[in-house]
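The values are calculated or read from the model by the stated rules, or taken from the named source; none is laboratory data. Just so it is clear, the model here is predicted, and its values are computed rather than measured. Cβ placement follows ideal geometry from the backbone for every residue including glycine, while neighbour counts extend to all protein chains displayed. For accessibility, only protein heavy atoms count, side chains too; no ligands or nucleic acids. Shrake-Rupley method; radii C 1.70, N 1.55, O 1.52, S 1.80 Å.
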Amino acid sequence: MRLPMGGSLIAGTLRQEGEMFPVENPATGEVTCELPAAPGGVVDAAVGAARQAGRGEWGSMSPGRRQGLLEALAAAVREHEEELAELECLDNGVPLAIVRRFSVAALGRSLRYFAGWIDKFAGEVVPLTGGSALDYLTREPYGVVVAISAYNTPSLYLGSKVAPALAAGNTVVVKPSPLASLPALRFAELCTEAGLPAGTVNVVLGGAAVGSALVAHPDVGKIGFTGSRTSGREVSRLAAEHLTPVSLELGGKSPNIVFADADLSQVSAGAALGAFALTGQACAAGSRLFVHEDVLDTVIASLEAAAQALPLGLPQDPTTVLGPLISAEHRERVEGFLTRAVDSGAEVLCGGDRPGGELSGGYFLRPAVVVGATDRSEVVTEEIFGPVVAVLPFRSEEEVVGRANASAYGLAAGIWTRDLSRAHRVARRLEAGFVWVNTYGTVPHTAPFGGVKQSGDAREGSRLALEDYTRAKNVYVQL
Ligand code: NAD
């Protein structure tokens, strides 16, 4: 596998100054390479290059030509899918087969989808109640969009942020997570190869300090951010200095609710994958599993069996479903939640231990099922972002809706029931941006994904993403 060029990429030029940080393979603990964190001058250069491209070739290009270039980029991504998947897998340890099918596939799909919107996304004629006039509304690009993302599915975020931002006519500065930078670097090379003008897509490497410098930059028009609630708060605070608009995709502590009339043959797989997919490093993980007490024992037994049956292994192995956690530090953090849960009276029914053998060099952790935790304990209230599910019994619909909503977060939720009315009634009452019924985790690229409350306000995918990356302009014409 060829590693992409090792440095920030500004208008196609490699910038290698800056303090080096390691790129670690979480499956082995080995350092793959080192990359430079962009100093202030490189951040300025990236925003400047994006601004220039927006005011120059990219900004003045016809929408049809822009569409052609995005289609060419989608084709380039498709041609290099395997390479992107291998880089992502090496970087964040997500199993190769899953990266291929999920994250990298989503990138190509988003590029094609948003390219397709270019000749369909329209403004509107505004109805008037008086006067002889014409009033119309157009949507305009913000200019320079900064796209900052988390480590778990980096290619997917390139699709969910860069694709709509470009389709809407913006230029972009991408700041990937320092824990998963490689796919963005290869993507930027593909942008050049596909013929996008220099400066249209730039990649700036580094962590929170580099992200902060971008967010605080006065020439940035819009920020698309995916990350934790803590980082999101800081991003909002920094962006407030210039009142730069921000769209936030933050964390969650999503409830997955199993009613007594659910088809239990489907629930165990849905609940296990809902909580443990990506080794629990999924924003929408169904980490609070509410189960009606009539079916509690059955669900717990099948969930435990499903958790233990999920193949944990090296990411390159095609049979692996669960890879490692991202870092040694993160694994210790997840283990800390389990230890404290037990200390406060909960029980870990299975998992939570480290596998040995060929996996002992990486940051693996077996999926853990926790019972007996109270609603107020941290294992139930805090986002763990690891393979931990808390099982919580309930008696009534009214009670479970209240408890499910008693969270600062509101990203996603699941409902398992055969009662059609209950499914829609509960879906309506849950405080979440995305609700699944009798399944968990599927997000079509045509549907808007995002949260409410402290899970953020962004909507990725669908037409709504184009609204996120454009601003309204109204023109009133006296006739
Ligand atoms: P993180 O918040 O540590 O980092 C995310 C990104 O923000 C990184 O690129 C990081 O360098 C950058 N960053 C951190 N502090 C910053 C600051 N002050 N200014 C600018 N940039 C800053 O998150 P993570 O550990 O990479 O990812 C896990 C978190 O992301 C979880 O909370 C998870 O739920 C959330 N997430 C949300 C979604 C969603 O769509 N809602 C998707 C994936 C992950």
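Note on the stretch 213-231: residues that are within 11 Å of the ligand (Cβ to nearest atom) and within 25 Å of Val77 (Cβ to Cβ) total 6. Based on this model, can you work out whether Gly433 counts as without any contact (Cβ under 8 Å) to a residue 40 or more places away in the chain and in contact with a Ser or Thr (Cβ under 7 Å, 6 or more places away or on another chain)? For Gly433, the condition - without any contact (Cβ under 8 Å) to a residue 40 or more places away in the chain and in contact with a Ser or Thr (Cβ under 7 Å, 6 or more places away or on another chain) - is met. Taken together, the residues in the stretch 23-67 that are in a loop (DSSP other than H, G, I, E, B), polar (S, T, N, Q) and in contact (Cβ under 8 Å) with a residue 24 or more places away in the chain amount to 2. Residues of the stretch 320-348 that are within 25 Å of the chain's Cα centre (by Cα), open to solvent by 70 Å² or more (accessible area, probe 1.4 Å) and farther than 18 Å from Phe276 by Cα: Glu329 alone. Going by the conditions given, is Ser62 of a type in the set (S, T, N, Q) and surrounded by fewer than 15 Cβ atoms within 10 Å (Cβ to Cβ)? Spelling it out, Ser62 is indeed of a type in the set (S, T, N, Q) and surrounded by fewer than 15 Cβ atoms within 10 Å (Cβ to Cβ). Tell me the residue from Tyr157, Tyr142, Tyr136 that is open to solvent by 10 Å² or more (accessible area, probe 1.4 Å) and within 16 Å of the ligand (Cβ to nearest atom), please. Selected residue: Tyr157, the only one of Tyr157, Tyr142, Tyr136 that is open to solvent by 10 Å² or more (accessible area, probe 1.4 Å) and within 16 Å of the ligand (Cβ to nearest atom). Just wondering, is there one or more residues in the stretch 128-144 that are free of Cβ contacts under 8 Å to residues at least 24 places away in the same chain and under 18 Å from Ala458 (Cα atoms)? No: the stretch 128-144 contains no residue that is free of Cβ contacts under 8 Å to residues at least 24 places away in the same chain and under 18 Å from Ala458 (Cα atoms). Among the criteria (1) in a helix (DSSP H, G or I); (2) out of contact with any strand residue (DSSP E or B) (no Cβ under 8 Å at 6 or more places or on another chain), the one Gly441 does not fulfil is (1). Say whether the condition of being within 16 Å of the ligand (Cβ to nearest atom) and touching a Cys at 6+ places or on another chain (Cβ under 9 Å) is met by at least one residue in the stretch 333-347. There is no residue in the stretch 333-347 that is within 16 Å of the ligand (Cβ to nearest atom) and touching a Cys at 6+ places or on another chain (Cβ under 9 Å). Restricting to the stretch 293-319, give me the number of residues that are open to solvent by 10 Å² or more (accessible area, probe 1.4 Å) and in contact with a strand residue (DSSP E or B) (Cβ under 8 Å, 6 or more places away or on another chain). So the count comes out to 9. The set of residues in the stretch 320-349 that are touching a residue at least 40 places away in the same chain (Cβ under 8 Å) and either over 27 Å from Asp297 (Cα atoms) or of a type outside the set (A, V, I, L, M, F, W, C) (or both) comprises Thr320, Gly323, Pro324, Leu325, Ile326, Ser327, Ala328, His330, Arg331, Arg333. Scanning the stretch 447-471 for residues that are part of a strand (DSSP E or B) and more than 10 Å from the ligand (Cβ to nearest atom) gives Thr470, Arg471. Which ones in the stretch 160-205 are of a type in the set (S, T, N, Q) and under 18 Å from Phe21 (Cβ atoms)? Within the stretch 160-205, Ser177, Ser181 meet the criteria.
Checked against the criterion of being within 22 Å of the chain's Cα centre (by Cα), at pLDDT 95 or above and among the aliphatic types (A, V, I, L, M), the candidates Leu430, Leu420, Leu392 yield just one match: Leu430. Select from the stretch 68-98 the residues that are of a type outside the set (Gly, Ala, Ser) and free of Cβ contacts under 8 Å to residues at least 60 places away in the same chain and list them in ascending order. Once the filter is applied, which keeps residues that are of a type outside the set (Gly, Ala, Ser) and free of Cβ contacts under 8 Å to residues at least 60 places away in the same chain, the stretch 68-98 yields Glu71, Arg78, Glu79, Glu81, Glu82. Considering every residue within the stretch 136-143, establish whether at least one is outside any strand (DSSP E or B) and touching a helix residue (DSSP H, G or I) at 6+ places or on another chain (Cβ under 7 Å). Yes.
Selection over the stretch 392-412 of residues that are among the aliphatic types (A, V, I, L, M), more than 16 Å from the ligand (Cβ to nearest atom) and either in a loop (DSSP other than H, G, I, E, B) or in contact with a helix residue (DSSP H, G or I) (Cβ under 6 Å, 6 or more places away or on another chain) (or both) gives a count of 2. Given the structure, is Ala307 outside any loop (DSSP other than H, G, I, E, B), over 30 Å from Thr32 (Cα atoms) and touching a residue at least 60 places away in the same chain (Cβ under 8 Å)? It is true that Ala307 is outside any loop (DSSP other than H, G, I, E, B), over 30 Å from Thr32 (Cα atoms) and touching a residue at least 60 places away in the same chain (Cβ under 8 Å). When residues of the stretch 1-22 are filtered for being touching a Lys or Arg at 6+ places or on another chain (Cβ under 6 Å) and either open to solvent by 40 Å² or more (accessible area, probe 1.4 Å) or modelled with pLDDT of 95 or more (or both), how many remain? Total satisfying the criteria: 2. Taking the condition within 12 Å of the ligand (Cβ to nearest atom) and without any contact (Cβ under 8 Å) to a residue 60 or more places away in the chain, does Pro444 pass? Against the criterion (within 12 Å of the ligand (Cβ to nearest atom) and without any contact (Cβ under 8 Å) to a residue 60 or more places away in the chain), Pro444 does not qualify.
Being out of contact with any Cys (no Cβ under 9 Å at 6 or more places or on another chain) and near the ligand (Cβ under 9 Å from one of its atoms) is a description that applies to Val210. Screening Phe434 on (1) buried (at least 20 other Cβ atoms within 10 Å of the Cβ); (2) in contact with a helix residue (DSSP H, G or I) (Cβ under 8 Å, 6 or more places away or on another chain); (3) on the phi < 0 side of the Ramachandran plot shows it passes everything except condition (2).
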